[in-house]
Amino acid sequence: MGADNQDVVLLAIESSCDETAAAVVKNGREVFSNVIYSQIALHTQYGGVVPEIASRKHIEKINQVIEQALSDAGKTLQELDGIAVTYGPGLVGALLVGVSEAKAISFATGLPLIGVHHIEGHISANYIENKELEPPFVCLVASGGHSHLVVVKDYGKYEIIGRTRDDAAGEAFDKVARAIGLGYPGGPKIDKLSKEGNPDAIQFPRARVNESEYDFSFSGLKSAVLNYLNGCQMKGMAVNRADVAASFQKAVIDVLVEHSIHAVKEFGYDKFAIAGGVASNSSLRKAFEVRCKQEGIMFYHPSPIYCTDNAAMIGAAGYYEFIRGARSGYDLNAVPGLKLGARE
């Protein structure tokens, strides 16, 4: 398969963190099924993802999730053209479950195996609902583990122009949420509480990284929030949690928006996309909508279901790898620290 006039239908598997996911995707843009088993309730009691527990739960759930995805799509393994699977970056034990499963299915059926980069998947999530979107464009990938500003030069060709120097944006959300007693997962809870607060109530810092105009740093902001909370406690002052959440969120959004729009203009593009779990934040979307409109930039974003970890995005990225002729051998391994643009 893979000729221009032939459809390519892939089974995609994603297990890089705490979602066990499978999807059936045609030509990288049409989703026949997208099944996600989320472990959030399981990890909430620990205040974050416990890798060992995540791996065990993937093993329990992966066959069911794949069977459900095939059933929802009305497809059998014999009707597929290949298996796409996330092989990095992520938690090594979690990744190994998906990679092992994909290799086993490939071996049993003879279907080609395509290893997919997790961040490439997040970027490709934009292709599912925006059929007209094609490279080149700039994409901000913001999630619990990643804050990357990426120039998408072509399908499968990326240049990272900015990255976090310390905490990822989602990580900062989780830590601040814990500090103000909201619990895990922090992003959605801060997003919700912020709607009740004043984003200008507290002036938190917006960090700039001197030697790199596109890099991010959120640890100083996180420390400023913790210092503010400690200060209130020492002075016996009541803390307005909604104001803290809204002011913190605005500080993160201001930095993400400024860096991203600056990059789009500097590189001379007129298209910008967001991806990753933080991209489902309603205030972030609104801020980008407003700025992109002001600057005459086309703004793209996936629906929230395609922002968090899912397999449909892996099927989208896998398609472009497939038609490029990329194939993985049975020596495909989990690569927890896989760099974007790297090939196994």
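Report the residue count in region 37-68 for those that are within 18 Å of Gly183 (Cα to Cα) and β-branched (Val, Ile, Thr). I'd like the intermediate steps shown before the answer.
Initial filter on region 37-68 (within 18 Å of Gly183 (Cα to Cα)): 38-50.
Among the residues that remain, those that are also β-branched (Val, Ile, Thr) are: 40, 44, 49-50.
Adding up the residues that qualify gives 4.
Would you point out which residue out of Val176, Val225, Val150, Val138 is in contact with a Cys (Cβ under 9 Å, 6 or more places away or on another chain), modelled with pLDDT of 90 or more and of a type in the set (Val, Ile, Thr)?
Step by step, each of Val176, Val225, Val150, Val138 is checked, and only Val150 is in contact with a Cys (Cβ under 9 Å, 6 or more places away or on another chain), modelled with pLDDT of 90 or more and of a type in the set (Val, Ile, Thr).
Looking at region 181-222, which of the residues that are assigned to a loop (DSSP other than H, G, I, E, B), aromatic (Phe, Trp, Tyr) and under 22 Å from the mean Cα position of the chain (by Cα) is surrounded by the most Cβ atoms within 10 Å (Cβ to Cβ)?
Among them, the one singled out is Phe218.
Quick check on region 228-238. Is at least one of its residues within 22 Å of the chain's Cα centre (by Cα) and either surrounded by 19 or more Cβ atoms within 10 Å (Cβ to Cβ) or in a helix (DSSP H, G or I) (or both)?
No, region 228-238 contains no residue that is within 22 Å of the chain's Cα centre (by Cα) and either surrounded by 19 or more Cβ atoms within 10 Å (Cβ to Cβ) or in a helix (DSSP H, G or I) (or both).
What number of residues in region 6-58 are over 22 Å from Ile128 (Cβ atoms) and polar (S, T, N, Q)?
Counting residues in region 6-58 that are over 22 Å from Ile128 (Cβ atoms) and polar (S, T, N, Q) gives 4.
Has region 149-164 got any residue that is part of a strand (DSSP E or B) and out of contact with any strand residue (DSSP E or B) (no Cβ under 8 Å at 6 or more places or on another chain)?
yes
For region 243-259, does any single residue satisfy the condition of being in contact with a helix residue (DSSP H, G or I) (Cβ under 7 Å, 6 or more places away or on another chain) and surrounded by fewer than 17 Cβ atoms within 10 Å (Cβ to Cβ)?
So far as region 243-259 goes, no, none of its residues is in contact with a helix residue (DSSP H, G or I) (Cβ under 7 Å, 6 or more places away or on another chain) and surrounded by fewer than 17 Cβ atoms within 10 Å (Cβ to Cβ).
If we only count helices (runs of 4 or more DSSP H) wholly inside region 259-344, which ones have 1 or more residues that are polar (S, T, N, Q) and in contact (Cβ under 8 Å) with a residue 40 or more places away in the chain?
Because the criterion is at least 1 residues that are polar (S, T, N, Q) and in contact (Cβ under 8 Å) with a residue 40 or more places away in the chain, the helices (runs of 4 or more DSSP H) in region 259-344 that meet it are 282-295.
How many residues does region 272-297 hold that are at positive phi and surrounded by fewer than 13 Cβ atoms within 10 Å (Cβ to Cβ)?
1
Contact list please: Cβ distance under 6 Å, first residue in region 162-175 and in contact (Cβ under 8 Å) with a residue 40 or more places away in the chain and over 22 Å from His43 (Cβ atoms), second residue among the small types (Gly, Ala, Ser) and in a helix (DSSP H, G or I), pairs at least six apart or on different chains.
Asp166/Ser219
Would you be able to say whether some residue in region 190-203 is among the β-branched types (Val, Ile, Thr) and modelled with pLDDT under 90?
no
What residue, of Val116, Val99, is β-branched (Val, Ile, Thr), in contact (Cβ under 8 Å) with a residue 40 or more places away in the chain and part of a strand (DSSP E or B)? Show your work before the answer.
Working: Val99 fails: part of a strand (DSSP E or B).
From the options Val116, Val99, the qualifying one is Val116.
Could you check how many residues of region 17-50 are free of Cβ contacts under 8 Å to residues at least 40 places away in the same chain and hydrophobic (A, V, I, L, M, F, W, C)?
So the count comes out to 3.
Looking only at region 7-62, count how many residues are part of a strand (DSSP E or B) and modelled with pLDDT of 85 or more. Can you show your working first?
Filtering region 7-62 down to residues part of a strand (DSSP E or B) leaves 9-14, 19-26, 30-38.
Add one more test, that the residue is modelled with pLDDT of 85 or more, and what stays is 9-14, 19-26, 30-37.
Selection size over region 7-62: 22.
So for region 98-111 (the condition being touching a helix residue (DSSP H, G or I) at 6+ places or on another chain (Cβ under 9 Å), surrounded by 24 or more Cβ atoms within 10 Å (Cβ to Cβ) and modelled with pLDDT of 95 or more), does at least one residue qualify?
yes
Do we find a residue being assigned to a strand (DSSP E or B), over 24 Å from Ala245 (Cα atoms) and touching a helix residue (DSSP H, G or I) at 6+ places or on another chain (Cβ under 7 Å) anywhere in region 123-131?
No, that holds for no residue.
Of all residues in region 77-96, count the ones that are out of contact with any strand residue (DSSP E or B) (no Cβ under 8 Å at 6 or more places or on another chain), hydrophobic (A, V, I, L, M, F, W, C) and part of a loop (DSSP other than H, G, I, E, B).
Looking only at that region, the number is 1.
The values are calculated or read from the model by the stated rules, or taken from the named source; none is laboratory data. What you are looking at is a predicted structure, and each value in this text was computed from that prediction instead of being measured. All Cβ positions, even for glycine, are placed from backbone atoms using ideal geometry, and neighbour counts span all protein chains on display.
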